[in-house]
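Chemist: First, the structure itself, so that you have it in front of you.
The values are calculated or read from the model by the stated rules, or taken from the named source; none is laboratory data. Keep in mind the model is a prediction, meaning the values are calculated, not measured. Positions of Cβ are generated from backbone atoms using ideal geometry, with glycine treated the same way; all protein chains shown enter the neighbour counts. Accessible surface areas use protein heavy atoms only, side chains included; no ligands, DNA or RNA. Shrake-Rupley method; radii C 1.70, N 1.55, O 1.52, S 1.80 Å.
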Amino acid sequence: MARLRLLPVLLVFTAGCGLGVRPDGESVRTAELRYEAVLGSIGSGSGQFYQPEGVAVIARDGTYRVFVADTGNQRIQYLNSRGDFIKQVGRYGTGPGDFNNPCGLAQDFGQYLFIADRDNHRVQQFDLRGVVVRQYPDEGRSQLRLRFPEAVAVNSFGELYVADTWNDRVVRFDRQGNVLETLGGFGRGRGFMHRPAGVAVDAEDNLYVADTMNHRIQKFNHRGDFVLEFGGPGSATGFMQGPRGLAVTAEGLLVVADTGNGRIQVFAPDGRWLAATGGPGAEAGGFTRPVGVAAGSDRIFVVDAGRHCIVVLGLVTGNASGSR
């Protein structure tokens, strides 16, 4: 049975900067992250997780449908916003609909779910009933092969970005599974990557990449041109250690699972730091291994693999005048 635990702890750092845009048209200048709840606990039962690594959410009628890559249990679980179990799909294996360490998730306009099936070296596309639609790469269409892909994202055209982690690149596919382009290649310079483990796309179809072993975030436009980078190795504000999960909020803010530092950080689209919460530790208010994130309109869902749960954070932003 699913467990939802309320957290009384508030641990927030904020800064007055940023260029995100609120629904009222005002620029976002401040952001706060507030702990709200924990979904799930360790185990193999319904609503329980073992070393989960990915999460995606769909907002409908003021509530959320939550999809969790329950990696250690080789399945995807569907939950409501209270953490109640709805259904699960998958089992260990190599056939269609089977998994070998599923991790990153992405949803496509509330119609499809894309799953990075890491140790099967593929991405699987499901409809929301749990029926397999397609596999990427499509061996009949492309000679390209993935190696331990860890993350996926979908742009406004329905094109799929895959963090092809062990090939040190990101691959973009069209809806039919054709390869459109590859970005990256091993290296430390701008546009190069080392074990990228997170991808996210904003409303303008800019691509953010968690360049994990280079301890930074890189941003590209839809044409694949390098735009900027930020982060760098370290534990100070705005720096990172092995970032993984990424998500973009409705206001265009980038949420980063700063895995090695055990925290969540929020950045403006130009790379300026806005907020952080967490820190190493299993107690309420800390994370042991935050690896995946998903953003709703006013909530952030964080996969803490070390605690075998999903942490729900409230997101509060302010404009230049300080109003909420």
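Chemist: For segment 133-156, name all the residues that are closer than 14 Å to Y112 by Cα, out of contact with any Phe, Trp or Tyr (no Cβ under 6 Å at 6 or more places or on another chain), buried (at least 16 other Cβ atoms within 10 Å of the Cβ) and hydrophobic (A, V, I, L, M, F, W, C).
Modeler: V154
Chemist: Can you name the strands (runs of 3 or more DSSP E) wholly within segment 257-317 that have at least 1 residues being under 12 Å from the mean Cα position of the chain (by Cα)?
Modeler: 263-267, 290-295, 299-304
Chemist: What number of residues within segment 273-308 satisfy the criterion of being surrounded by fewer than 23 Cβ atoms within 10 Å (Cβ to Cβ) and in contact with a Gly (Cβ under 6 Å, 6 or more places away or on another chain)?
Modeler: 6
Chemist: For segment 48-64, how many residues are touching a Ser or Thr at 6+ places or on another chain (Cβ under 8 Å) and of a type outside the set (V, I, T)?
Modeler: Looking only at that region, the number is 9.
Chemist: Given the structure, is T182 among the polar types (S, T, N, Q) and open to solvent by less than 50 Å² (accessible area, probe 1.4 Å)?
Modeler: Judged against the criteria, T182 is not a match.
Chemist: Another question about this same structure. Going through L246, L207 one at a time, which residue ends up being touching a Phe, Trp or Tyr at 6+ places or on another chain (Cβ under 6 Å), touching a residue at least 60 places away in the same chain (Cβ under 8 Å) and within 20 Å of F114 (Cα to Cα)?
Modeler: L246
Chemist: Go over the candidates V28, V38, V21 one by one and state the one that is at pLDDT 90 or above and either among the polar types (S, T, N, Q) or closer than 21 Å to A275 by Cα (or both).
Modeler: V38
Chemist: Select from segment 162-179 the residues that are part of a loop (DSSP other than H, G, I, E, B) and buried (at least 19 other Cβ atoms within 10 Å of the Cβ) and list them in ascending order.
Modeler: D168, the sole residue that qualifies.
Okay, residues lined up against (1) assigned to a loop (DSSP other than H, G, I, E, B); (2) among the β-branched types (V, I, T):
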position: T30; (1), (2): no, yes
position: E36; (1), (2): no, no
position: G47; (1), (2): yes, no
position: Q51; (1), (2): yes, no
position: V55; (1), (2): no, yes
position: V66; (1), (2): no, yes
position: A69; (1), (2): no, no
position: Q77; (1), (2): no, no
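Chemist: Another one. Check segment 131-141 and report whether any residue there is in contact with a Leu (Cβ under 6 Å, 6 or more places away or on another chain) and either within 16 Å of F173 (Cβ to Cβ) or not acidic (D, E) (or both).
Modeler: Looking through segment 131-141, at least one residue is in contact with a Leu (Cβ under 6 Å, 6 or more places away or on another chain) and either within 16 Å of F173 (Cβ to Cβ) or not acidic (D, E) (or both).
Chemist: Let me ask you something else. Taking segment 236-251 only, how many residues are at pLDDT 95 or above and over 13 Å from the mean Cα position of the chain (by Cα)?
Modeler: Residues that pass the stated criteria total 6.
Chemist: Being at positive phi and assigned to a loop (DSSP other than H, G, I, E, B) is the filter here, so list the residues in segment 218-252 that pass it.
Modeler: Result: G224, G232, G234, G238, G242, G252.
Chemist: For segment 108-124, check the following and say yes or no: at least one residue is open to solvent by less than 20 Å² (accessible area, probe 1.4 Å), on the phi > 0 side of the Ramachandran plot and not hydroxyl-bearing (S, T, Y).
Modeler: Yes, segment 108-124 contains a residue that is open to solvent by less than 20 Å² (accessible area, probe 1.4 Å), on the phi > 0 side of the Ramachandran plot and not hydroxyl-bearing (S, T, Y).
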